[in-house]
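Peer 1: The structure is given below, and queries will be raised subsequently.
The values are calculated or read from the model by the stated rules, or taken from the named source; none is laboratory data. Since we're looking at a predicted model, the values are computed, not measured. A quick note on method: Cβ atoms are made from the backbone with ideal geometry, for glycine too, and the neighbour counts reach across all protein chains shown. Each accessible area value is taken on the protein alone, full model and side chains, heavy atoms only, with ligands, DNA and RNA left out. Shrake-Rupley method; radii C 1.70, N 1.55, O 1.52, S 1.80 Å.
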Amino acid sequence: MKVEVVPHDSTWRSQFEDEAKLIALAFGDNVIDIQHIGSTAIPTIYAKPIIDILVQVKDIAKVDEQSSAMTALGYEIMGEFGIAGRRFFRKHNDQGIRTHHVHIFQINVSEVQRHLAFRDYMIAHPEDALKYSDLKRGLAKQYPEDMEGYVNGKDGFIKEMERKAIAWIRSVRLP
């Protein structure tokens, strides 16, 4: 898969909102919350042009029962795809280019908190967001056809930012 990072696109938010409405209809009253996550949710940075969507549900087992609704929306069912308790779906456009990732978790699991903390921390700390953006741009040049190399190159930075993000979230939530 080609590794491409591009400047922030102001339409990513509306693309998320449009898709979130469809996903909410697909899963009905099982849906608790739908959030835009990943780099496309951080307005100041370069990103792979794939909209990441995090869905929290009441009952993860019902997602399996309703997954045909996601297929009807053009999604490929990927199961847990390496993260226990997650249901992962991906979507491609008519040219075969991936456009969306949907990560579904039962409400309030640690994976959800990690994703939201990372996003919120990056938005609130533009200096770290810029470092992340620069890292991604450099890795995309270094690994233009090697997604695994690109992802592995970000791993240490992401883990460090996640630690900072969790500590930051805890500090801002204190009374």
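Peer 1: Got a sec? Which of 159, 136 is open to solvent by 80 Å² or more (accessible area, probe 1.4 Å) and basic (Lys, Arg)?
Peer 2: Working: 136 fails: open to solvent by 80 Å² or more (accessible area, probe 1.4 Å).
Testing whether each residue is open to solvent by 80 Å² or more (accessible area, probe 1.4 Å) and basic (Lys, Arg) leaves just 159.
Peer 1: Also, quick follow-up: If residue 10 satisfies every condition in (1) among the hydroxyl-bearing types (Ser, Thr, Tyr); (2) assigned to a loop (DSSP other than H, G, I, E, B); (3) touching an Asp or Glu at 6+ places or on another chain (Cβ under 8 Å) but one, which is the exception?
Peer 2: That leaves (3) as the condition not met.
Peer 1: Now for a different question. Taking into account only those residues within the stretch 104-117 that are touching a residue at least 12 places away in the same chain (Cβ under 8 Å) and not aliphatic (A, V, I, L, M), which is most open to solvent (accessible area, probe 1.4 Å)? Talk me through it step by step, then tell me what you get.
Peer 2: Looking only at the stretch 104-117, we keep the residues that are touching a residue at least 12 places away in the same chain (Cβ under 8 Å), and these are 104-109, 111-117.
Next cut, not aliphatic (A, V, I, L, M) only: 105-106, 108, 111, 113-115.
On the way: 105: 3, 106: 70, 108: 109, 111: 47, 113: 62, 114: 65, 115: 40 Å².
Filtering the stretch 104-117 for residues that are touching a residue at least 12 places away in the same chain (Cβ under 8 Å) and not aliphatic (A, V, I, L, M), the one most open to solvent (accessible area, probe 1.4 Å) comes out as 108.
Let's see how each residue does on (1) in a helix (DSSP H, G or I); (2) among the acidic types (Asp, Glu); (3) open to solvent by 30 Å² or more (accessible area, probe 1.4 Å); (4) touching an Asp or Glu at 6+ places or on another chain (Cβ under 6 Å):
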{"position": "19", "(1), (2), (3), (4)": "yes, yes, no, no"}
{"position": "36", "(1), (2), (3), (4)": "no, no, no, no"}
{"position": "40", "(1), (2), (3), (4)": "yes, no, no, no"}
{"position": "66", "(1), (2), (3), (4)": "yes, no, yes, no"}
{"position": "70", "(1), (2), (3), (4)": "yes, no, no, no"}
{"position": "81", "(1), (2), (3), (4)": "no, no, yes, no"}
{"position": "96", "(1), (2), (3), (4)": "no, no, yes, no"}
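Peer 1: Run residue 14 past the list (1) within 16 Å of the chain's Cα centre (by Cα); (2) closer than 26 Å to residue 136 by Cα; (3) in contact (Cβ under 8 Å) with a residue 12 or more places away in the chain and report the number of the one that doesn't hold.
Peer 2: For residue 14, the failing item is (3).
Peer 1: Just one of (1) of a type outside the set (Gly, Ala, Ser); (2) modelled with pLDDT under 95; (3) more than 17 Å from the chain's Cα centre (by Cα) trips up residue 131, so point out which.
Peer 2: Residue 131 satisfies all of (1) of a type outside the set (Gly, Ala, Ser); (2) modelled with pLDDT under 95; (3) more than 17 Å from the chain's Cα centre (by Cα) except (2).
Peer 1: Additional query: Can you tell me which of (1) surrounded by fewer than 18 Cβ atoms within 10 Å (Cβ to Cβ); (2) out of contact with any Gly (no Cβ under 7 Å at 6 or more places or on another chain); (3) touching a residue at least 24 places away in the same chain (Cβ under 8 Å) is the one residue 129 doesn't meet?
Peer 2: Here residue 129 clears every test but (1).
Peer 1: Considering 92, 101, which residue is in contact with an Asp or Glu (Cβ under 9 Å, 6 or more places away or on another chain), open to solvent by 20 Å² or more (accessible area, probe 1.4 Å) and more than 20 Å from residue 120 (Cβ to Cβ)? It would help to see each step written out before you state the result.
Peer 2: Numbers: 101 fails: more than 20 Å from residue 120 (Cβ to Cβ).
Exactly one residue qualifies, and that residue is 92.
Peer 1: Continuing with the same structure: Can you tell me which condition residue 144 does not meet? The list is (1) surrounded by fewer than 14 Cβ atoms within 10 Å (Cβ to Cβ); (2) in a helix (DSSP H, G or I), and all the others hold.
Peer 2: Only one criterion in (1) surrounded by fewer than 14 Cβ atoms within 10 Å (Cβ to Cβ); (2) in a helix (DSSP H, G or I) is unmet by residue 144, namely (2).
Peer 1: Exactly one of (1) among the β-branched types (Val, Ile, Thr); (2) farther than 18 Å from residue 151 by Cα; (3) in a strand (DSSP E or B) is unmet by residue 123. Its number?
Peer 2: Failing condition for residue 123: (3).
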